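Participant: Here you go, one structure.
The values are calculated or read from the model by the stated rules, or taken from the named source; none is laboratory data. Bear in mind the structure is a predicted one, so any value in this text is a computation, not a measurement. No Cβ is skipped: glycine too gets one built from the backbone with ideal geometry, and neighbour counts run over all protein chains shown. We work out accessible area using only protein heavy atoms, side chains counted, and drop any ligands, DNA or RNA first. Shrake-Rupley method; radii C 1.70, N 1.55, O 1.52, S 1.80 Å.
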Amino acid sequence: MGLLLWPAAQAAEPKVVCSSISPFAFEQQGGYRGYAFELGQEVMRRLGYRGQIRVQPLARANRTVQSEANVIGLWVGRIPEREQTVRWLHPIIRDDFSIYTLKGRPGAATLEEAKALPLLGANIGAANAIAAQRQGLTRLELINSDDANGRKLMTGRIQGWISSHSAVNFFIRLHGLPDNPFVKGVKLSDYQAWVAASLNTDPAILDQWQTTLAAMEADGSLQRLAEAYGIQR
């Protein structure tokens, strides 16, 4: 038994960070919840961790896992620009980024129509902003809150919202909208998010996280959590 526990005893507990974008991590009634946040809590519980998840703005969380030592990022968008900057541990989201507009307003069914819209909303340092820029979309307003982007679209402050299917569905559920007010337009890119680790993370930590995430995949824990938040996997 002592030999089985030896790697966990020797490996220092890593810093665990999570980007604060709903439905992956968001504040509610003085605490945090969300798909990635609760996924991280369960991994940490199974590994016997005593530390807390550090919720950070998305751009800062990505920088933390890319630049610091011994860090786990609970969800990092896997895009070519980041491919060699972290160790990819386990996929937790498979979705796409598209441009959403309001019913009855100018749409974005094509890239040309999207470029004609006065202002599009995306997130600072996020894969959705990078996907837009790759497609030549330059009229972007970048902020830290995806929920705020949805509200800005509803009030006409932006004319298009660059988002994932999961995030838009969660916005509809969160705000109790009886009918879907959004029209899904042109797809800018496919999207995956993974649990990731900093490049110089202790190999024992990498193995523990990969093993635990694989076990959660096998026992259905990941899928049940995804379904609770309407996440596409």
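Participant: Answer with yes or no whether ILE124 is under 25 Å from VAL55 (Cβ atoms) and either open to solvent by 10 Å² or more (accessible area, probe 1.4 Å) or among the basic types (Lys, Arg) (or both).
Facilitator: The answer is yes for ILE124.
Participant: Can you name every residue in the stretch 15-35 that is in contact (Cβ under 8 Å) with a residue 40 or more places away in the chain and either of a type in the set (Phe, Trp, Tyr) or assigned to a loop (DSSP other than H, G, I, E, B) (or both)?
Facilitator: Once the filter is applied, which keeps residues that are in contact (Cβ under 8 Å) with a residue 40 or more places away in the chain and either of a type in the set (Phe, Trp, Tyr) or assigned to a loop (DSSP other than H, G, I, E, B) (or both), the stretch 15-35 yields SER20, ILE21, SER22, PRO23, PHE24, ALA25, PHE26, GLY34, TYR35.
Participant: Additional query: Would it be correct to say that ALA108 is among the aliphatic types (A, V, I, L, M) and within 18 Å of ASP190 (Cα to Cα)?
Facilitator: yes
Participant: Restricting the stretch 200-233 to residues that are within 25 Å of PHE170 (Cα to Cα) and among the polar types (S, T, N, Q), which is least open to solvent (accessible area, probe 1.4 Å)?
Facilitator: Looking at the filtered set, the residue picked out is SER221.
Participant: Search the stretch 149-167 for residues being open to solvent by 20 Å² or more (accessible area, probe 1.4 Å) and out of contact with any Leu (no Cβ under 6 Å at 6 or more places or on another chain), and hand back the single one that is nearest to ALA25 (Cα to Cα).
Facilitator: Of everything passing the filter in the stretch 149-167, HIS165 is nearest to ALA25 (Cα to Cα).
Participant: On to the next question. Just checking, which of THR101, THR110, THR85 is modelled with pLDDT of 95 or more, among the polar types (S, T, N, Q) and open to solvent by less than 20 Å² (accessible area, probe 1.4 Å)? Break it down into steps so the answer makes sense when it comes.
Facilitator: On the way: THR110 fails: open to solvent by less than 20 Å² (accessible area, probe 1.4 Å); THR85 fails: open to solvent by less than 20 Å² (accessible area, probe 1.4 Å).
Every option except THR101 fails the conditions.
Participant: Kindly indicate whether ILE99 is part of a helix (DSSP H, G or I), touching a residue at least 24 places away in the same chain (Cβ under 8 Å), of a type in the set (Val, Ile, Thr) and farther than 16 Å from LEU199 by Cα.
Facilitator: Values: part of a helix (DSSP H, G or I): no; touching a residue at least 24 places away in the same chain (Cβ under 8 Å): yes; of a type in the set (Val, Ile, Thr): yes; farther than 16 Å from LEU199 by Cα: yes.
So ILE99 fails the test.
Participant: Here's a follow-up. Taking ALA116, is it modelled with pLDDT of 95 or more, among the aliphatic types (A, V, I, L, M) and open to solvent by less than 40 Å² (accessible area, probe 1.4 Å)? Explain how you work it out, then say what you get.
Facilitator: Details: modelled with pLDDT of 95 or more: yes; among the aliphatic types (A, V, I, L, M): yes; open to solvent by less than 40 Å² (accessible area, probe 1.4 Å): no.
Taking the combined requirement at face value, the residue does not satisfy it.
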